[in-house]
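The values are calculated or read from the model by the stated rules, or taken from the named source; none is laboratory data. All values reported here derive from a predicted model rather than from experimental measurement. Cβ coordinates were reconstructed from backbone atoms using ideal geometry, including for glycine residues, and neighbour counts include every protein chain displayed. Accessible surface is based on the protein model in full, side chains and every heavy atom, while ligands, DNA and RNA are left aside. Shrake-Rupley method; radii C 1.70, N 1.55, O 1.52, S 1.80 Å.
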Amino acid sequence: MKKFILIAFVAAFTLSARAQEQPKIYNSDADAKAEIKAAVKQAAQQHKNVLLQIGGNWCIWCLRFNDLVTKDADLNKYLNDNYVVLHVNYSKENENKAVLADLGYPQRFGFPAFVVLDGKGARLHTQNSGYLEEGKGHSKEKVMDFLKDWSPAAIDPKTYEKAK
């Protein structure tokens, strides 16, 4: 019996420690509308698009995606070179209903959901993250393809004009 109690205590302690270690990348107190406006302004100045990652600190897939794109050097560089990234919170504390309605209800795809905006704030694309998943995480190749497909160069008509 003592052994069982000890094992239960160690398991509870381990789970508690892990819960405290999880990053807090979403801010439930943030004014998402104001932050999106600021991100669009920054993107316009830097000739980038905006990538909204919608989810919450409760969402393991949201944390896994963030972990991949911040720790993988290639993805991180491409993301930072082409996008202003903003984490938009969705949680019981703050569902950001009005903001998500303005974005076309991306939560219909589950979480995380991604919305790409241009430097004027126009919504270019909404991405279901399920298409980027592989195993218990996200595929580096699929994520890179998604980022490239919606980068400023990919949607710039000049990219497709033939040289004279």
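Could you go through the range 72-82 and let me know if any residue there is assigned to a strand (DSSP E or B) and within 12 Å of the chain's Cα centre (by Cα).
no
Sort out which residues of the range 119-138 are in contact (Cβ under 8 Å) with a residue 40 or more places away in the chain and buried (at least 18 other Cβ atoms within 10 Å of the Cβ), and write them in order of number.
Answer for the range 119-138, where residues must be in contact (Cβ under 8 Å) with a residue 40 or more places away in the chain and buried (at least 18 other Cβ atoms within 10 Å of the Cβ): Gly119, Ser129, Leu132, His138.
From the list Ala17, Ala39, Ala44, Ala11, exactly one residue is more than 28 Å from Ser139 (Cβ to Cβ), open to solvent by less than 80 Å² (accessible area, probe 1.4 Å), modelled with pLDDT of 95 or more and small (Gly, Ala, Ser). Which is it?
Ala44
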